[in-house]
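A short worksheet on the structure shown next.
Where a number appears in this text, it was derived from the coordinates with a stated rule and is not lab data. Please read these numbers as outputs of a predicted model, since none were measured by experiment. Cβ placement follows ideal geometry from the backbone for every residue including glycine, while neighbour counts extend to all protein chains displayed.
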Amino acid sequence: MYELQVETSFDAAHCLRGYQGSCARLHGHTYKVQVVLRGEELSADGLLVDFREVKQALQEVTERFDHRFINEVPPFTELNPSAENLARYFYQELKQRLGALVSRVAVWESPTACASYYE
């Protein structure tokens, strides 16, 4: 089994609706998003997936949140913009772009705290 990991980061603000604590107030993060792809077969040129393709897909998915208030970006106008919900959203979007090889997406709100989503 082969596994690839690609990461990117973006800066954004959010607040958690219904949360009892400081995260209910507007605050920001430098988010790190990591996508993990897994597969058993390599292409004829020895690649599971071209890193360039993964980086482009990850950039397309995250760029709409960069330097934005996430609560104003659909679907987070309705969905609470927690790290868990962001991880699931990015997973679903990347799965549409990259296919079944997408194994897991992790979203870090800080260097020591992340949430992951996988099916």
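Numbers below:
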read-out	value
Answer residue from segment 86-119, given it is among the hydroxyl-bearing types (Ser, Thr, Tyr) and buried (at least 18 other Cβ atoms within 10 Å of the Cβ) and is farthest from Gln56 (Cα to Cα) among those	Tyr117
Number of positions in segment 32-81 that are among the hydroxyl-bearing types (Ser, Thr, Tyr) and touching a helix residue (DSSP H, G or I) at 6+ places or on another chain (Cβ under 9 Å)	2
Selected residue (criterion: farthest from Gly21 (Cα to Cα)) from residues of segment 64-119 that are of a type in the set (Phe, Trp, Tyr) and in a loop (DSSP other than H, G, I, E, B)	Tyr118
Filtered residue count, segment 85-110, keeping only those that are hydroxyl-bearing (Ser, Thr, Tyr) and more than 10 Å from the chain's Cα centre (by Cα)	2
Any hit, segment 51-63, residues being outside any strand (DSSP E or B), free of Cβ contacts under 8 Å to residues at least 24 places away in the same chain and under 21 Å from Cys114 (Cβ atoms)	no
Residues of segment 13-37 satisfying the condition of being in contact with a Phe, Trp or Tyr (Cβ under 9 Å, 6 or more places away or on another chain), over 11 Å from Ile70 (Cβ atoms) and in a loop (DSSP other than H, G, I, E, B)	none
Residues of segment 33-84 classified as within 12 Å of Leu101 (Cβ to Cβ) and within 14 Å of the chain's Cα centre (by Cα), total	5
